[in-house]
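Scroll down for the structure; my scribbles are underneath it.
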Amino acid sequence: MYICDIYQFSLKFNCQRFSNNANPVFTDEELLTVYLFCGAYQRYFNIKDMHTFTKEYLLSWFPNLPSYQTFNYRLNRMSEAISELVKHLITSFKPEECDSMTSLIDSMPIITCAGKNKTGKVATEIATKGYCSTKNMYYFGLKLHTVAFRRKGTIPFPEMIILSSAEENDLTVLKREAADKLTHRNIFADKIYSDFSFWGNKQQEQEGYYAHTCKSNKGRRQHYYSKGESRQRPVIYSCFKGQTTHRIFFQLAE
């Protein structure tokens, strides 16, 4: 019922049709329900596996399930509605243990094609070539950025999720999309986000605090803040460790 209610309240305005097929037999609410149920509760992260599972085990619930090709096509057309759904999930189900005064920032690559001299053939309208220093790898695709609330002893909870071109610098994206919203809080991030003049001005204007670490050649971390603060520093990489784009979304749905 939650999907039906939120679809009628908000999501339908992001995926309206103006054709003779404005009211398909297999509704958008059913499409989103299948996607969320198979991903969040059955742990299927491949669209083909979702369709196959629904066809074999849930056909009595969804008797008008279309072919895989139609299912995949319509799901891709729901991208804006899913983006709006993520906003609702983030704001409506924020855990109580979130530390609203402490933000963690990180990014991860969405790889459609790996290789220094290769050009991807998937989503060429939005995908570009970039470099991931963590994996020491050139790739073709996008970047997924997150600003997350710290939760002591567990994975941070996302506050904002941003998609950008792979060739864009992480700091440039943060300044454009999120910097003005990060007010009156402590910010922890990797060295790529360091701009001491920028964060210095932010600290004076908005009473925030920025800290980051970097690795020396010997693999030891050099801290740019006190030892007392470093003991409390959360692990930034925990935002994305071992996760794919689908898994991050379904974690919100759970």
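Assorted remarks:
- When a 1.4 Å probe is rolled over the protein heavy atoms, the share of accessible surface on segment 1-141 that falls to carbon and sulfur comes to 53 percent.
- Residues Met1, Met50, Met101, Met137 ordered from highest to lowest accessible area at a 1.4 Å probe: Met1, Met101, Met137, Met50.
- For the listed peptides 154-160, 122-128, a ranking on the average number of other beta carbons within 10 Å per residue, highest first, reads 154-160, 122-128.
- Measuring between alpha carbons in the structure, the pairs from Lys12/Lys175; Lys116/Lys143; Lys135/Lys175; Lys152/Lys191 lying more than 28 angstrom apart are Lys12/Lys175.
- Counting only protein heavy atoms and using a 1.4 Å probe, the accessible area of Lys135 comes to about 120 Å².
- Rolling a 1.4 Å probe over the protein chains gives Ser100 an accessible area of about 50 Å².
- Counted charge near Glu97, where neighbours are those whose Cβ lies closer than 12 Å (Asp, Glu -1; Lys, Arg +1): +2
- Relative contact order [Cα under 8 Å, 6+ residues apart], segment 21-77, whole percent: 37 percent
The values are calculated or read from the model by the stated rules, or taken from the named source; none is laboratory data. Not measured: the values here are computed from a predicted model. Backbone-built Cβ (ideal geometry, glycine too); neighbour counts: all protein chains shown. All accessible areas refer to the heavy atoms of the entire protein, side chains included, with ligands and DNA or RNA removed. Shrake-Rupley method; radii C 1.70, N 1.55, O 1.52, S 1.80 Å.
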